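Structure record follows, encoded as structure tokens.
The values are calculated or read from the model by the stated rules, or taken from the named source; none is laboratory data. Small disclaimer: the values here were computed from a predicted structure and weren't measured. When we count neighbours, we look across all protein chains shown, and the Cβ atoms used for this are built from the backbone with ideal geometry, even at glycine.
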Amino acid sequence: MKEKELRRSLAVLPMGTVMKLTSLTARQIRYYEAQDLVFPQRSDGNRRMYSLNDVDRLLEIKDYLADGVNVAGIKAIYNQQQRAAQEKKSAESQPLTDDDVRRILQDEFIRQGGLGHPAPGIQQQRPF
DNA sequence: ATTCTGACA
DNA sequence: TGTCAGGA
């Protein structure tokens with residue numbers, strides 16, 4: 001169930017394809033990017049490359065606009081969504097944070113007789 | 001043939 | 001937002 005999300009996030013669609021998939025004009029699609037509503041990757045000759053997730057987001061933007069929500073409003077919605085997602089990852093959902101794991105492994109290594117040398121592979125671990 | 005940026009009769 | 005210019 002992880003392979004699928006990887007594919008959906010692969011930027012392989014050029015402008016023309018996205019235009020057909022969303023019924024939006026190139027002008028509009030570029031404008032939404034300028035407003036930081038979508039972040040397509042760039043490829044070879046500075047060409048925008050969109051993922052299926054990007055297309056979904058554009059479709060989403062499209063009907064938010066149709067419902068009378070302005071660009072600022074849409075931006076606010078995404079900001080709060082990203083905010084909610086961050087909180088779920090750090091506190092509630094995850095019993096052990098990366099920081100917790102690092103500290104636990106460190107303590108265990110010392111208890112086994114190690115001398116202050118961090119266990120290989122985990123000493124440079126930086127949470128977040 | 002396609003897409004990109006900048007600009008506005 | 002449309003559309004045209006001038007490049008890549």
| task | Taking the residues in region A:38-62 that are hydrophobic (A, V, I, L, M, F, W, C) and within 12 Å of DNA strand C (Cβ to nearest atom) as candidates, determine which candidate is nearest to A:Tyr78 (Cα to Cα). | result | A:Ile61
| task | Please verify whether region A:30-49 includes one or more residues that are more than 9 Å from DNA strand B (Cβ to nearest atom), surrounded by 12 or more Cβ atoms within 10 Å (Cβ to Cβ), part of a strand (DSSP E or B) and touching a residue at least 12 places away in the same chain (Cβ under 8 Å). | result | yes
| task | Taking the residues in region A:9-27 that are not in a helix (DSSP H, G or I) and not small (Gly, Ala, Ser) as candidates, determine which candidate is farthest from A:Val55 (Cα to Cα). | result | A:Thr25
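What about A:Val69, is it within 16 Å of DNA strand C (Cβ to nearest atom), out of contact with any Phe, Trp or Tyr (no Cβ under 9 Å at 6 or more places or on another chain) and either in a loop (DSSP other than H, G, I, E, B) or modelled with pLDDT of 95 or more (or both)? Full working, then the answer.
Working: within 16 Å of DNA strand C (Cβ to nearest atom): yes; out of contact with any Phe, Trp or Tyr (no Cβ under 9 Å at 6 or more places or on another chain): yes; either in a loop (DSSP other than H, G, I, E, B) or modelled with pLDDT of 95 or more (or both): yes.
So A:Val69 passes the test.
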